[in-house]
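Report on the following structure.
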Amino acid sequence: RVHGDTWLEMDELQTSEEAAFVPDEVVNIIKEAADQILGPQVYHHSRVSGWCSKLCEEVLKRLADHHKPFKYIVTTLIMQRTGAGLHCASSCYWDNSTDNSCSYKWAGKTMFCVTTVFGLAI
């Protein structure tokens, strides 16, 4: 299979695809971790800090288990569901051909959670 001006063997192509930051895969990791950690919970302000830490650590652990060549940054925000608005943004200076990010908004009956993962190629 030809890629640009280079001939790639199928196993080389597969390896490069397996090493990519795939936002859909990362969103699934976030969703599964959020469902597990936050799913059965009712919002209580004294527990939010622990949930944030646990969710970030769990997402990071699951990403590391995939052994892809990335450094990861994981952020999470938990907010009580009261009808208040929330706006956030991020900006990155990186290599668009290798680095990427994705966010996932989890919603429960009593809270919202927004988790973002930045993947920076090593």
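Worth a mention:
- Taken over segment 32-53, the criterion of being of a type in the set (S, T, N, Q) and over 12 Å from residue 77 (Cα atoms) is satisfied by 36, 41, 46.
- When restricted to residues that are closer than 14 Å to residue 115 by Cα, loosely packed, with under 15 Cβ neighbours inside 10 Å and in contact with a strand residue (DSSP E or B) (Cβ under 9 Å, 6 or more places away or on another chain), segment 86-103 contains 3.
- Members of segment 43-52 found to be surrounded by fewer than 11 Cβ atoms within 10 Å (Cβ to Cβ) and under 14 Å from residue 107 (Cβ atoms), listed by number: none
- Residue within segment 54-72 that is under 14 Å from the mean Cα position of the chain (by Cα), open to solvent by 80 Å² or more (accessible area, probe 1.4 Å) and more than 15 Å from residue 116 (Cα to Cα) present: yes
- Cβ pairs under 6 Å, 6+ apart, first in segment 30-45 and under 18 Å from residue 57 (Cα atoms), second of a type in the set (Lys, Arg) and open to solvent by 50 Å² or more (accessible area, probe 1.4 Å): 37/54
- Checked against the criterion of being within 16 Å of the chain's Cα centre (by Cα) and hydroxyl-bearing (Ser, Thr, Tyr), the candidates 82, 98, 110 yield just one match: 98.
The values are calculated or read from the model by the stated rules, or taken from the named source; none is laboratory data. Quantities reported herein were computed from a predicted structural model and do not represent experimental measurements. Glycine gets a Cβ as well: all are built from the backbone with ideal geometry, and neighbour counts include every protein chain shown. Surface areas here come from the heavy atoms of the whole protein model, side chains and all, with no ligands, DNA or RNA. Shrake-Rupley method; radii C 1.70, N 1.55, O 1.52, S 1.80 Å.
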